[in-house]
Amino acid sequence: MISILRPAFVLFAALTLLCGVLYPYAITGIGQVAFASQATGSLVLRGGQPVGSSLIGQAFSSPKYFWGRPSATSPMPNNATASSGSNQGPLNPALIDAVKGRIDALKAADPANTAPIPVDLVTASASGLDPEISVAAAYYQTGRIARARQLPVDEVRSIIDQHRESRYLGFFGEPRVNVLALNLALDQRR
């Protein structure tokens with residue numbers, strides 16, 4: 001009996017050491033050296049203090065800031081520990097009411113804006129954590145932000161253009177802007 005169990009225990013201990021200790025430490029070490037920023041959460045620092053992550057959206061509600069994509073996470077928006085979508089289908093009355101409420105909030109925040117509202121400003125993503133919005137969604141908000149900050153609209157548009165990111169590898173996805181980067185750039189202006 002011992003002759004059967006001994007190799008099993010030795011193999012169990014060896015694989016536990018290899019897969020449970022050595023491999024995780026090696027991968028963590030490689031990540032810290034080769035991808036230091038990403039391995040520590042892609043934190044954005046201002047004055048040596050973290051102000052957010054470039055990978056996780058934040059809820060901005062002040063009229064002087066760009067607003068990101070709505071978050072479906074709960075109990076609070078952009079909760080990375082509860083990453084998920086709402087799982088509501090397009091005919092679900094709760095989703096329809098949520099989108100109508102978001103449209104009303106955008107119109108109330110900028111009643112003079114008659115442009116079509118980009119879909120990413122009223123619908124949540126699958127993760128609920130999107131840090132980026134479409135360029136159209138950023139442009140849609142320029143009037144409100146320019147008035148709130150007393151800046152020319154062209155200056156706000158220039159900030160968007162400076163932070164615009166292209167499609168991945170030239171053809172995946174759509175052009176986009178990081179909301180946190182835009183808002184930090186606005187804070188540096190005034």
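No value in this document is a laboratory result; all are computed from the given coordinates. Small disclaimer: the values here were computed from a predicted structure and weren't measured. For neighbour counting, all protein chains shown are included, and Cβ atoms are generated from backbone atoms with ideal geometry for every residue, glycine included.
Some points to look at:
- Among all residues of the stretch 14-32, there is none that is under 28 Å from Ile133 (Cβ atoms) and either more than 19 Å from the chain's Cα centre (by Cα) or surrounded by 10 or more Cβ atoms within 10 Å (Cβ to Cβ) (or both).
- The test for being of a type in the set (A, V, I, L, M, F, W, C), farther than 18 Å from Ala72 by Cα and touching a helix residue (DSSP H, G or I) at 6+ places or on another chain (Cβ under 6 Å) does not hold for Ile133.
- Residue that is surrounded by the fewest Cβ atoms within 10 Å (Cβ to Cβ) [pool: residues in the stretch 45-81 that are hydroxyl-bearing (Ser, Thr, Tyr) and more than 14 Å from Leu182 (Cβ to Cβ)]: Thr81
- Condition check for Glu155: of a type outside the set (Val, Ile, Thr) and within 19 Å of the chain's Cα centre (by Cα): no
- Number of the exception - Ala181 against (1) without any contact (Cβ under 8 Å) to a residue 24 or more places away in the chain; (2) within 25 Å of Ser42 (Cα to Cα): (1)
- Hits in the stretch 80-124 - residues which are charged (D, E, K, R) and touching a helix residue (DSSP H, G or I) at 6+ places or on another chain (Cβ under 8 Å): Arg102, Asp110, Asp120
- Residues within the stretch 111-131 that are touching a residue at least 40 places away in the same chain (Cβ under 8 Å) and either surrounded by 13 or more Cβ atoms within 10 Å (Cβ to Cβ) or in contact with a strand residue (DSSP E or B) (Cβ under 6 Å, 6 or more places away or on another chain) (or both), tallied: 11
- Residue count for the stretch 39-61, restricted to those that are closer than 30 Å to Gly89 by Cα and assigned to a loop (DSSP other than H, G, I, E, B): 7
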